[in-house]
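Shown next, in C-alpha cells, is the structure this report addresses.
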Amino acid sequence: MQWGGRFAAGPSVVMQEINASIGFDRKMWRQDIRGSLAHAAMLAKLGIITAQDETGIRSGLEAIAAEIDAGRFPFEETLEDIHMNIEARLTERIGEAGKRLHTGRSRNDQVATDFRLWVRDAIDGLDAQIADVMRALADRAADHAADPMPGFTHLQTAQPVTFGHHLLAYVEMLARDRGRLADCRRRLNESPLGSAALAGTSFPLDRDMTARLMGFDRPTANSLDAVSDRDFALEFLAAAAISAMHLSRFAEEIVIWCSAPFRFIRLSDAFTTGSSIMPQKRNPDAAELVRAKTGRVNGALVALLTVMKGLPLAYAKDMQEDKEPVFDAADAWALSLAAIAGMVRDMTPDTARMREFAGSGFATATDLADWLVRVLRLPFRTAHHVTGRLVAKAEARGVDLAGLTLAEMQAEEPGITADIFGVLTVEASVASRTSYGGTAPANVAQQAARWQAALG
C-alpha cells in the first residue's frame, strides 16, 4: 500500500473505483517516464541521490517503457494511477533506489508535468494533421482555381465564385486553428516539476535543468499556480472546439454537395456507406460523423470548465477529471482531421454542374448593378433599384438577366447599351472580382500557390 502507515484499513470497493485513474491516465506513461528520467538525472547531478541510484533508475524505467510498449506491464487499479504503477514496478525491479526517485517531488507536480507534456505532444501531432488538411485543400484549390460555382448567403445563390476560392476559405480557417495551437503550446511550455505538493521543497533542486531536459522553456514561477493550473488544457480544448466547428462546417458542405439536388461532388465507396433497405443510397457518413464529433469536443471544453470553476488553490481531487475530456477531444479531433483530409483528396467535383448552378438565381445581378455605377455613373443605390426591377422582369418572363432584350433593359434605364451583356456571364463575373482576396481565378491561383509553397 503506497500510503505507508497512515491508513490501517484499505479503501472500500466504491472508493477504489471512484479514486482510481489508471484506466485512462495510463495514456501518459511516456510522459511520466520522461519526467522521471529528468528528475533522477537532476537529483544525481546535485548529489541528492547517487550516480549508481540514477543509473539503476534509468535502466529500470527504460525496461518498464519496453514492458508497457509491448503490452506486458501489469497495471494495478489498487495503485490508482500511472505514477504509482510505474514507481511500484520500478521498486520491484531495482529495489531501494526506486524508492528514492520521488525525493523532492509530489504527485501534484508530477501529474501537472506529465499532463503538460502530453498536451504538448498532442499539439505537435495535431498541428501536422491540420497542415495536411490545408495542403490537401490548397492542392484541390489550385486544380479548380477557375471553375465557377455558386457562392451562397443564407444558402441562397448570391454571386458566382470559384470552387478553388471556396476551398481556400477553409485553408484560412485552419491556419487560424494552427495559430491557436501554437499560442497554446507557447504558454504551456513551462515545467511545474519541483513545485512539489503546493509549496515547493526544501531540497535544493535545479528546476532549470529538469525544464531543459524535458524541452520546456523555463520552470513555473509559482508553486501554488503550477500544481493547480489547467489553463493549458482549457486553452487546448478551446482551440479544439473552434477547429472542430470549422471541420463541421466543411463536413456540412460536403453533405450538401453530395445530395441529389446539388450533386456538386461525388465521394467514392471509401468515404460513404449504403442503406440497409434502399440500394440506391450513397450516404456521406464520414462527413456526418465529423459534424457530430463537434459535440464531443464542445462537451469536453464545458466539462473541464465546470470542473475547474469552483476550485480554491491548490490541488483538489476534482482535477483528476481533467484528463478524460482532453484525451477524448484530442482523439475525436485527430480522427475528424484524418477523415476531412481523406474526403478532400477523394472527392470528384462535377464542374459542369457547378458552372450551371453558378449562373442560377440571378447570380450576376450585382455585376449588372456595378456596371451601371462604373459605366453610367449612377449612384449605387439607384443602380440597385434598377437592377431589382430588371430581376423582377426577368423572373416574370422565366429567363435569366442575359435573357432580357436590350429594349427591355433600356425601358428601365435608357443609358444601358449592348455592352451590358458582356458582364452577365458567370466567367465575366468571377474574372471581375480582382480585389485582394477576391475570387478572380488569377487571385485564387496565386493564393493556392502561396499556401502550397508555405505548407511544402
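The values are calculated or read from the model by the stated rules, or taken from the named source; none is laboratory data. Everything quoted here is computed from the prediction, not taken from an experiment. Every residue, glycine among them, receives a Cβ derived from its backbone with ideal geometry; neighbour counts consider all protein chains shown. To get the accessible areas, we keep the full protein, side chains included, count just its heavy atoms, and leave off ligands, DNA and RNA. Shrake-Rupley method; radii C 1.70, N 1.55, O 1.52, S 1.80 Å.
With the convex hull of the Cα atoms taken as the outline of the range 62-171, the averaged projected area works out to 12.2 nm². Look at the alpha carbon pairs under 8 Å that are at least 6 residues apart: their mean separation over the length of the range 267-367 gives a relative contact order of 29 percent. Of the trypsin sites (Lys or Arg not before Pro) found in the range 225-268, those that fall in a DSSP loop while having at most 13 other beta-carbon atoms within 10 Å are R263. For the chain, leaving out every one of the chymotrypsin sites (Phe, Trp or Tyr not before Pro) that falls in a DSSP loop and has at most 10 other Cβ atoms within 10 Å, the longest unbroken run is 8-435. Taking 0.36 nm per residue of separation and subtracting the current Cα-Cα distance, fully stretching the chain between H385 and S360 would add 7.0 nm. Across all Cα atoms of the range 302-443, the radius of gyration (one decimal) and Dmax (whole number) stand at 26.7, 80 Å.
What percent do you get for the relative contact order of the range 279-329 when only Cα pairs under 8 Å and 6+ apart count? Please report the intermediate quantities before stating the final value.
Numbers: 20 pairs, mean separation 21.9, N = 51.
Across the range 279-329, relative contact order equals 43 percent.
Expressed as a whole percent, the accessible surface of the range 315-395 that belongs to carbon and sulfur atoms is 54, based on a 1.4 Å probe. Distances longer than 18 Å among the Cα atoms of the range 16-67: what percent of all pairs is that? Taking all Cα-Cα pairs of the range 16-67, the fraction more than 18 Å apart is 43 percent.
Please compute the contact order of the range 139-276 in relative form: average sequence separation of alpha-carbon pairs under 8 Å and at least six residues apart, divided by the residue count, as a percent. Worked out over the range 139-276, it gives 17 percent. Scalar couplings 3J(HN,Hα) for the range 385-397, obtained by applying the Karplus form with A = 6.51, B = -1.76, C = 1.60 to θ = phi - 60°, are 5, 4, 4, x, 5, 5, 4, 4, 5, 5, 4, 5, 8 Hz; x denotes Gly and Pro. Between T273 and D139, the simple label model (points 7 Å from Cα in the Cβ direction) yields a spacing of 2.7 nm. To the nearest 10 degrees, how steep is helix 29-45 against the longest Cα principal axis of the chain, on a 0 to 90 scale? With rounding to tens, the tilt is 50 degrees. For the range 54-129 and the range 231-248, what is the centre-to-centre distance using only Cα atoms, to the nearest Å? Result: 28 Å between the Cα centres. Considering only T157, W371, A303, and ranking their Cα positions along the charge dipole of the chain that arises from unit charges at the beta-carbon of Lys, Arg, Asp and Glu, the one farthest toward the positive end is W371. Can you tell me what share of the DSSP beta bridges in the chain is antiparallel? A percent to the nearest 5 is fine. In the chain, approximately 80 percent of DSSP beta bridges are antiparallel ones.
For K99, a cut-off of 17 angstrom between C-alpha atoms picks up no lysines at all, skipping any fewer than 8 places away in its own chain. Centroid-to-centroid, using Cα positions, the range 364-380 and the range 387-414 are 14 Å apart. With the convex hull drawn over the C-alpha atoms of the chain, the volume per residue is 203 Å³. For the range 350-411, the Stokes-Einstein estimate of translational diffusion at 20 °C and a viscosity of 1.002 mPa s comes to 174 µm²/s, using the Kirkwood hydrodynamic radius over alpha-carbon pairs. For the range 283-320, which trypsin sites (Lys or Arg not before Pro) are both in a DSSP coil and crowded by at most 10 other Cβ atoms within 10 Å? Within the range 283-320, the qualifying trypsin sites (Lys or Arg not before Pro) (loop, at most 10 other Cβ atoms within 10 Å) are K309.
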